[in-house]
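Have a look at the structure below, then the notes.
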Amino acid sequence: MAKMLINDKNKKFIVKDDADELHTNYGLIKNLKKAKLNSKVKSNTGHEFTLIKADFIDLYRKIKRKAQIIPLKDIGLIITETGLNKDSIVIEAGAGSGALGCFLAKICSKVYSYEIREDFYNVVKKNIEHLGIEKLVLKNKDAKKGFNEKDVDVVILDLPDPWELINVAKKSLKIGGFLVSYSPTVPQVMDFVNKLGDGFLHLKTAEIIEREWDIKDRKVRPKSQAIGHSGFLTFTRKIK
Ligand code: SAH
């Protein structure tokens, strides 16, 4: 079980199972093996932390990022629009850093993930191990050559030319299944939607704009530095 140190500024440090001490920019924290869960520990410079169990989301926020990952706000819309749940079978391409795939594998029945680049494939393998993910089947394969799985509930495309995979996705989706595409630019969205063909319904294209606020005494206002653009999400459904 992974543990974590957290302080009142929301600074967090993951504590590996076998670690007895940790060097942080808040000083050295010793005797971690002896420390009880949910108890307070102090660094040699007097900073106080609480030792808690690290949850999935704590470990998730520390995954290795090589390819540009899908942010959590966008993962949220994918889950809710397609109704992903513990019975869902999903295919995704490309895996990238595995951010989307690992999150979905934590809530779905199975996620099959295709990644063409070996270096990214290896990053995802490390992230799977770091998170203790069991339901993700990772393949170092070109998605354009086809998916092996059939009758799946949802296919999610996050690669530069999603329109090239419409037919590949169609062969693997069940009738009624969702094809989701995630792209940063408008021309990609246009080409994808225009090339869908009559086998798919275009349900909607949307972007999620998350605006975080500062709340400190009476200074209650949107943060000055907002997160910039991530991507457009297009939801479609196979009807034939
Ligand atoms: N959704 C991912 C990020 C994907 S980045 C995440 O959340 O981490 C896009 C990835 O698609 C890159 O890693 C790229 O190597 C991969 N890719 C591009 N073309 C591909 C193809 N034909 N088959 C499989 N993967 C491909």
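FYI, it's all coordinate maths here, none of it is from the lab. Keep in mind that what you see is a predicted model, and the values were worked out from it rather than measured. All Cβ positions, glycine included, derive from the backbone under ideal geometry; neighbour counts span all protein chains shown.
Data table
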quantity: Those aspartates and glutamates that a straight Cα-Cα span of less than 19 Å connects to residue 141, excepting residues fewer than 8 apart in one chain; calculated: 92, 115, 118, 119, 149, 158, 161, 164
quantity: Extension gain, residue 24 back to residue 171 (0.36 nm per residue minus Cα-Cα distance, nm); calculated: 47.8 nm
quantity: Cα-Cα separations in the range 1-156 greater than 21 Å, expressed as whole percent; calculated: 52
quantity: Footprinting exposure proxy for 183, 113 (fewest neighbouring C-beta atoms within 10 Å first); calculated: 183, 113
quantity: Whole-angstrom gap from the range 80-105 to the range 146-179, using each part's C-alpha centre; calculated: 13
quantity: Local electrostatic count at residue 195 - Lys and Arg +1, Asp and Glu -1, tallied over other residues with Cβ under 13 Å; calculated: -3
quantity: Kirkwood Rh and Cα Rg combined as Rg over Rh, evaluated for the range 152-217; calculated: 1.14
quantity: Cross-link pairs beyond the 32 Å C-alpha cut-off, checked among 16/174; 125/174; 12/174; calculated: 16/174; 12/174
quantity: Sum of -39500 (n - 2.57) over DSSP H runs of 4+, divided by residues of the chain (222 nm, nearest 500); calculated: -6500 deg cm²/dmol
quantity: Sites residue 8 and residue 226 - FRET efficiency at Förster radius 30 Å, r taken between beta-carbons, to 0.05; calculated: 0.75
quantity: Positive-end extreme of charge dipole, the range 3-54 - chosen from 39, 14, 4 (charges on Cβ); calculated: 39
quantity: Net dipole in debye of the chain [+1 Lys, Arg Cβ; -1 Asp, Glu Cβ; about Cα centre; nearest 20]; calculated: 660
quantity: Most positive-pole-ward Cα, 226, 193, 180, against dipole of the range 164-240 from beta carbon charges; calculated: 180
quantity: Per-residue Cβ neighbour rank within 10 angstrom, fewest leading, 207, 129; calculated: 129, 207
quantity: Distance in nm between pseudo-label sites at residue 140 and residue 204 (7 Å out along the Cβ direction from Cα); calculated: 4.0
